[in-house]
Every structure is written in structure tokens, then in C-alpha cells.
Amino acid sequence: MPSTPTVKTGELRAIPVLGIRDVFAGDSVASLIVDALAFGGLCFHDGDILVVKHKIVSKAEGRRVEMCIRDRSYSAPVRRPACCPACNRTCRS
């Protein structure tokens, strides 16, 4: 493993964890991170702090929100991106 330079007190460094694949419902976030760290030749040291974005946790928990929820009374078929009267946002067809 590559050696990590000694960090001086008060210094803050951010090192991205690369190589995490797409996350799906039921995935173990901890396992994905540990595997990616090992693949990149990195490891945790005393005092390290891991920051995880809520998006990866939400995806692993299976929490999704549709981009746009149309009003049920609006029944016209959408063949291309169009403005949705329910929320005034672009819907994906």
C-alpha cells in the first residue's frame, strides 16, 4: 500500500473514495466503501473521518422519489418531455 504522508495538526485534507459502483436497494454501504478503499490502496488511520453523502445511503435504503408526479386527472399521453400541470416541472416520458 502507498504510504500516507504525516498530516500536521490543524490540516484538513479531503480524499475521494473512487471506484464505488452504482448503488442499489439492499446494498451495504459499508461494504461498498471498504471494497473501494482496498481497490484504491487506501485504508483508514486513527483520527480519519469518513463523510458519506445522503444520496448513496438513500439509494441503498431503496428510498426514491419520482421526478414528477402528474395529477391523476391529467390523462393526456406524454410522448416527449412536456410541462406537467401538477407541479409545473418537466416530466420524463
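The values are calculated or read from the model by the stated rules, or taken from the named source; none is laboratory data. This one's a predicted model, so the numbers in the text were calculated from it and none came from an experiment. Note that we place each Cβ from the backbone using ideal geometry, even for glycine, and neighbour counts take in every protein chain shown.
If the condition is being in a loop (DSSP other than H, G, I, E, B) and surrounded by fewer than 15 Cβ atoms within 10 Å (Cβ to Cβ), then segment 41-58 contributes Gly41, Cys43, Phe44, His45, Asp46, Gly47, Asp48, Ile49, Leu50, Val51, Val52, Lys53.
Here is a yes/no grid of residues against (1) in contact with a helix residue (DSSP H, G or I) (Cβ under 6 Å, 6 or more places away or on another chain); (2) at pLDDT 90 or above:
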residue: Ser3; (1), (2): no, no
residue: Thr6; (1), (2): no, no
residue: Arg13; (1), (2): no, no
residue: Val23; (1), (2): yes, yes
residue: Leu32; (1), (2): no, yes
residue: Val51; (1), (2): no, yes
residue: Cys68; (1), (2): no, no
residue: Ser73; (1), (2): no, no
residue: Pro77; (1), (2): no, no
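Scanning segment 8-33 for residues that are at negative phi and in contact with a Phe, Trp or Tyr (Cβ under 9 Å, 6 or more places away or on another chain) yields a single hit, Leu18.
So, Ala38, is that one outside any loop (DSSP other than H, G, I, E, B), modelled with pLDDT of 90 or more and surrounded by 10 or more Cβ atoms within 10 Å (Cβ to Cβ) or not?
Values: outside any loop (DSSP other than H, G, I, E, B): yes; modelled with pLDDT of 90 or more: yes; surrounded by 10 or more Cβ atoms within 10 Å (Cβ to Cβ): yes.
Judged against the criteria, Ala38 is a match.
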